[in-house]
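Enquirer: Mind looking over this structure? Questions follow.
Please treat every number below as a calculation from the coordinates, not as lab data. Fair warning: this is a prediction, and the values are worked out from it, not measured in the lab. A quick note on method: Cβ atoms are made from the backbone with ideal geometry, for glycine too, and the neighbour counts reach across all protein chains shown.
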Amino acid sequence: MTHEPVLRIDNLESYYGPIMAIRGVSLEVREGQIVTVLGANGAGKTTLLKTISGVMDPAKGTILLNGEPIQGRDADVIVRRGMVHVPEGREIFPLMSVAENVMLGAYVRNDKAAIARDLEMVHTYFPILAERGDQKAGTLSGGQQQMLAIGRGLMAAPKVMLLDEPSLGLSPLLVEEIFTIIRRLNKEQNVTMMLVEQNAKVALDVADYGYVMEIGRIVMADTATALENSKDIQSFYLGVQEESQRGQRRWKQRKTWR
């Protein structure tokens, strides 16, 4: 493992109509790393991932994947170059079967033997996808749908995986399970990951390095350990989450007392 940057972004700008959503963002992701991007709703995290993966075109700046510029390229070209985007909200195809959804991830490939090996690997990490293969994807639980979205992404044989809010809408137990699998995929399959999250605690627990976004800009960057120990991060992100969790516990207790 060389730890060279597989993804480098320089001075990126992106717009939603007349509104600048990404403002001069520069960052890098090195081979074998998990890099997290933290920030509140509206910070520009999802727009950043969409711009990197080709869903949106940047107005300015460069995106280098393995040293080759990919900004403005079609999304399928970027997938063939080795990057896959697991979007916010899963975006599975609910009326198709679980097995059909999984195999859609391999649509740019024609190496049948390797596809079969990768399918076996996906089923090893997510056995529920094999068990529910004939079931309509829309009938899966939220956690199972997130597993399906990640499994579908893995079928593209990515070198770099972009994950947008994998904890969204999941119970704490399922969040722990999903992030355990994310860590395993990174270590065991050498999938480099860029992870966008509002749940700072779980993201920093698995990440090597992190960036903090506010209003489309990077305002802080450091190792995950340093960010987790930062007073600003503890105050604005970890403290808010802990208070929210305490509030949820108090509400459950009140319901029990009644």
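Enquirer: First measure r as the distance between the Cβ atoms of D134 and N41, then evaluate 1/(1 + (r/R0)^6) with R0 = 25 Å and state the FRET efficiency to the nearest 0.05. The partial results should precede the final answer.
Expert: Values: r = 37 Å, r/R0 = 1.48.
Efficiency, rounded to the nearest 0.05: 0.10.
Enquirer: What value, in deg cm²/dmol to 500, does the helix sum -39500 (n - 2.57) over DSSP H runs of n ≥ 4 give at 222 nm once divided by the residues of the chain? Numbers along the way, then the final one.
Expert: On the way: 10 runs with 103 residues, N = 258.
Calculated mean residue ellipticity at 222 nm is -12000 deg cm²/dmol.
Enquirer: Still on this model: Peptides 112-123, 191-202, 176-187: what's the order by average Cβ count within 10 Å, highest mean first? Before the final figure, lay out each step's value.
Expert: Working: 112-123: 14.4, 191-202: 22.6, 176-187: 16.4.
In descending order of packing, they fall as 191-202, 176-187, 112-123.
Enquirer: Could you give the length gained on full extension between S26 and R117, defined as 0.36 nm per residue of separation minus the Cα-Cα distance, in nm? Walk me through the numbers before you get to the answer.
Expert: Values: separation 91, 0.36 × 91 = 32.76 nm, distance 3.62 nm.
Contour length minus the Cα-Cα distance gives 29.1 nm.
Enquirer: Now for a separate question. Excluding residues fewer than 8 places away in the same chain, name every one of the aspartates and glutamates whose C-alpha is closer than 15 Å to that of K112.
Expert: Answer for K112, where 15 Å is the Cα cut-off: E120, listed by chain and number.
Enquirer: Between M220 and D10, with labels modelled 7 Å along Cα→Cβ, what's the label distance in nm to one decimal, could you check?
Expert: Output for this residue pair reads 2.8 nm.
Enquirer: Work out, step by step, the length gained on full extension between M103 and K187: first 0.36 nm times the residue separation, then minus their alpha carbon distance; give nm to one decimal.
Expert: Values: separation 84, 0.36 × 84 = 30.24 nm, distance 2.37 nm.
Full-extension gain reported as 27.9 nm.
Enquirer: So if we plug the beta-carbon distance of E91 and T124 into 1/(1 + (r/R0)^6) with R0 = 22 Å, what FRET efficiency do we get, rounded to 0.05? Show your work: numbers first, answer last.
Expert: Working: r = 24 Å, r/R0 = 1.08.
The pair E91/T124 has a calculated efficiency of 0.40.
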